[in-house]
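Below: the structure, in C-alpha cells.
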Amino acid sequence: MKIIKFIPFLLVLKSFSQNEKKDTIATASIKEVVVTGQFAPQSIKKSVFNVRVISAKDIQNLAANNLSDVLSQYLNITIRPNGTSGRSTVSLFGLDAQYFKILVDGVPLVNEAGLGNNTDLSQINLNDIEQIEIVEGSMGVTHGANAVSGVLNIVTKKSSQNKWAISATTQEETVKNEYSLFDEGRHIQALKVSHSINNNWFVSLGANRNDFQGFLEDKKGKNYKENDQMRGFKWLPKAQLNTTALLSYRKNNFQAFYKFEYLDENIDYYNSTVQSGYNTQLGSYRYTSDKRYLVNRYFHNLNSTGKIFSKLKYNVSLSHQKQERNMEDFRYYFQTKTEGNNVIIKDQSMEVLYSTGTVNNLFTDKNVDLQLGYEIVNNKGFSLVQEANNTVVPIRKTLENYDFFVSSEIKATEKLSIRPGIRVSAQSKFKDQHASSLALRYLFEKGIEIRGSYGNSFRTPSFEELYSKQIFDGHFFAGNENLIPETSTSYEMSFKKNSFLASDLQINTTFSGSFLNIKNRIDMALVRFNTDTGNPEYEYINISKYKMWNFSTTNQFKKENWTFNIGAAIIGISQKIENQVFASNEKYLYSFNLNSSVSYVVPKWNTTFSTYYKFNGKSQQFVEGASEYVISTVDSSNWLDASIRKTFFKDKFETTIGARNLLNITSINQSRTSEGAGHATSSQIMLAYGRSYFLKLTYNLNF
C-alpha cells in the first residue's frame, strides 16, 4: 500500500522531536470542539482530520445574508453566482459542487437535483448556526458518494444558557446604488424564540425572510414596455422564507433532537421581448411572456445519541427531505398590470429517505476504538426532459444505495494516532462501490502537529447526467443511463504549529499540500453525427481525467484585542478532455489565491472592527473550440468587506454596519486564445452587482 510510505516518515520525525529540548513556553489547549468525521465531539488538536471552523461570531461580523457570503472569503473555495438563475454554488480545488458535500448536523441537504451536492448556497439559512466545519480532501469512508473534494457540515444550536431567549433582527442593504424601503435593495427580517423548559427539554422556533428586489443596472425593470431588449433585471429578484423548529431532550448520556426546516423561494423572470396584441375589449395592447420559479423544501431530521449495553456509544439519524421546483408561465399585461394564462408545472424534484448511524467504543482498551456504521439512501427524482419536436416528457426514477463502513482510531502512542477505514456501497443503479482511507496524526513538542492521509472515493452520476435530454432546433444534448461512477485517489499532508510567546502573542501556522487524481470523469462529448439530419449529437460519457495538486498556508496572529489572519494557496490542474474528435493538452494550469482578515475589539465600547479581503488570481482552463481545445483565461479579482459591530445595554441591542465588495467588482473578463491561430475572443463573467452597504439591527431578550 502506498500509504505505508507515511509511517517511516512519521517515525523519523518522532525520533527527531525526542532529541529536541522541551518547550519552555506554556501552551494553551485548543478550545474549539468539532464533530465532523469524529467518533465523538473533540478538540481540533485531537482530530485526525484537518478541520477548518467558521464560528458564529465570524458570521455575525460579516452580517452574511447566506452561506455564499461566508464562504467567498475562504481559501481554495470559489463561489459561482448566477444572476440569471439566482443560484450560487461552490467550487473547491477547481471541482464544481458535484464533488463537495454540504451537510446539516451530519445529514446531506437535499436540492431538486441531488443530495448534498449542487446545493444552492443562497438557500441556506444562517440564523441558527453554532459553527461551520470544513474538511478538505476525500471523505468517502465517513460520508459516502460524492464527498471527493471535501465536506461542509453546518452545526446548528441545540441548547441555551437562558430560560428564554428571544432574538429579533432587521437588516437593510443596498444593491450597488439601488435602494428604497420597499421596491429596491435587500430587506431581511428574522425572529427566533427559544425556551429551556427544564434541565432536559429545549425548544426553539425561528423564521427568516430575505427579500432581494433584484439589480437593474442598465435594465428598465418589470413595467418597461418598449421592445428594445431593455426590459427586466440584470440580477433576478428573489424572495425567500425560511422557518425552523427544534425540539431536543438531554439526560445523562442520552440526547435526542428533532429538527424541521421549511424553505419557500420565489424567483421572478422578466422576458426582455415585448409583444403586441389586439382584441375587441382592450384594443391594442402590449404583453410579455414571463416566468416564475417556485421552490419548496421540507427538511425533517430525527437524531439520537447515547449508550447501549452501558458502554457502546451510538449516533443515529433518520431524515425525510423533499425539494421541488415548479415553473409558472404567464402573460403580463402592461396596460392593466395584471397576469393571465397562468400555468404551473413541476419542473424538477427530489424526495429522499435517509438514515445513517454509527456505534463505537467496542473495546475496553482506551487506545483502540472501532466504529461501525451504515448509510441508507432512497432518492426519488423527477425531471421534465425535452424530446424531439418540442415534446416535453416527465422522467421519474428511484436511486438507492446501502452502505456499510468500518473505521478504527488507534492511539499507537500518546502522540501518534492512526485511523484506517473502509466503506462498501451497494448501489441499485451501478456496480458496488468502495472507498478506503488511512489518516495519521502525530503531535510533537512545541505545539507541532503533523497530519497525513490517503483516501480513495467515488462520485455517482447525477440525475441530470443520467436522464436529461434537450433536443431543439438542430441541438441534441442527452444524459446517459450507462454511465459508471467516477473514482478518485487523494493524498494530503499538513504541518501545524501553535506558538504562545512571552509577549502574549499567539501564532497558529498551517502548511498543507494535497494531490487528487480522478478517473472516468463524466463530460459532455460529441458521440455521433445523425445520418438523417447531419446534426452533431452530444451525450454525457466517462471520458475525462482530472489531476490536481494544491499547496496552501494559513496563519493566525492573536494579541490582546487584535486578530490577524493571512493565507495563500496555489493550485495546479491537469485535465484530459475529449469530445471523440480531438483532445485537450494535459499540461498543468495554475491559479493562485490569497485571503486576509483583521479584527480589533474595543472592550470599553463593546465594539468589533473587522475587514475581510480575498484575492482570486488569474486562472486558466481548456474549453472546446471549433477544431481543438483552446485555453480560456479568467482574469483575477479582488474582494473586500468591512464591518463595525457594537452592542448596547449589556448585549441586549446589537448593531452592525458595513460594506460588501468595497472594490466594486461586477464582471471580469474571460478570454479564449487558440494555440494554432493567433486570435482571441473575450466575454464577461458576472461575479457581483457592485459595492453595497448594510445596516443590521438585532434585539436580544434573555431571561
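Structure data summary
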{"quantity": "Residue, modelled with the lowest pLDDT, within segment 95-112, restricted to residues that are part of a loop (DSSP other than H, G, I, E, B) and open to solvent by 10 Å² or more (accessible area, probe 1.4 Å)", "calculated": "96"}
{"quantity": "First in segment 213-228 and among the aliphatic types (A, V, I, L, M), second anywhere and open to solvent by less than 40 Å² (accessible area, probe 1.4 Å), Cβ under 7 Å, 6 or more apart", "calculated": "216/178"}
{"quantity": "Residue among 274, 203 that is open to solvent by 30 Å² or more (accessible area, probe 1.4 Å), touching a residue at least 24 places away in the same chain (Cβ under 8 Å) and of a type outside the set (Phe, Trp, Tyr)", "calculated": "203"}
{"quantity": "Residue list for segment 113-124, restricted to those being touching a residue at least 40 places away in the same chain (Cβ under 8 Å) and either assigned to a strand (DSSP E or B) or buried (at least 24 other Cβ atoms within 10 Å of the Cβ) (or both)", "calculated": "114, 115, 117"}
{"quantity": "Selection status of residue 487, open to solvent by less than 40 Å² (accessible area, probe 1.4 Å) and either more than 30 Å from residue 427 (Cβ to Cβ) or not hydrophobic (A, V, I, L, M, F, W, C) (or both)", "calculated": "no"}
{"quantity": "Test: residue 269 is touching a Leu at 6+ places or on another chain (Cβ under 7 Å), buried (at least 18 other Cβ atoms within 10 Å of the Cβ) and under 24 Å from residue 231 (Cα atoms)", "calculated": "yes"}
{"quantity": "Residue among 251, 225, 234 that alone is out of contact with any Lys or Arg (no Cβ under 9 Å at 6 or more places or on another chain) and open to solvent by 20 Å² or more (accessible area, probe 1.4 Å)", "calculated": "251"}
{"quantity": "Unmet requirement for residue 332, which otherwise passes all of (1) open to solvent by 30 Å² or more (accessible area, probe 1.4 Å); (2) modelled with pLDDT of 95 or more; (3) more than 34 Å from the chain's Cα centre (by Cα)", "calculated": "(1)"}
{"quantity": "Conditions (1) of a type in the set (Gly, Ala, Ser); (2) in contact (Cβ under 8 Å) with a residue 40 or more places away in the chain; (3) open to solvent by less than 40 Å² (accessible area, probe 1.4 Å); number of the one not met by residue 289", "calculated": "(3)"}
{"quantity": "Strands (runs of 3 or more DSSP E) contained entirely in segment 609-656, each with at least 2 residues that are under 20 Å from residue 173 (Cα atoms), at pLDDT 85 or above and open to solvent by 40 Å² or more (accessible area, probe 1.4 Å)", "calculated": "637-648"}
{"quantity": "Matching entry among 537, 481 (being in a strand (DSSP E or B) and charged (D, E, K, R))", "calculated": "537"}
{"quantity": "Yes/no for residue 157 being in contact with a Phe, Trp or Tyr (Cβ under 9 Å, 6 or more places away or on another chain), surrounded by fewer than 21 Cβ atoms within 10 Å (Cβ to Cβ) and among the basic types (Lys, Arg)", "calculated": "no"}
{"quantity": "Residue match in segment 438-450 (condition: within 24 Å of residue 149 (Cβ to Cβ) and in contact with a Pro (Cβ under 7 Å, 6 or more places away or on another chain))", "calculated": "yes"}
{"quantity": "Selection count where residues are in contact with a Leu (Cβ under 7 Å, 6 or more places away or on another chain), in a strand (DSSP E or B) and farther than 30 Å from residue 114 by Cβ, scope segment 318-368", "calculated": "0"}
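The values are calculated or read from the model by the stated rules, or taken from the named source; none is laboratory data. On a predicted model such as this, the values are computed, not experimentally measured, just so you know. Here Cβ is always computed from backbone atoms with ideal geometry, including for glycine, and neighbour counts include all displayed protein chains. Quick note on the areas: whole protein, heavy atoms, side chains included, nothing else; ligands and nucleic acids left out. Shrake-Rupley method; radii C 1.70, N 1.55, O 1.52, S 1.80 Å.
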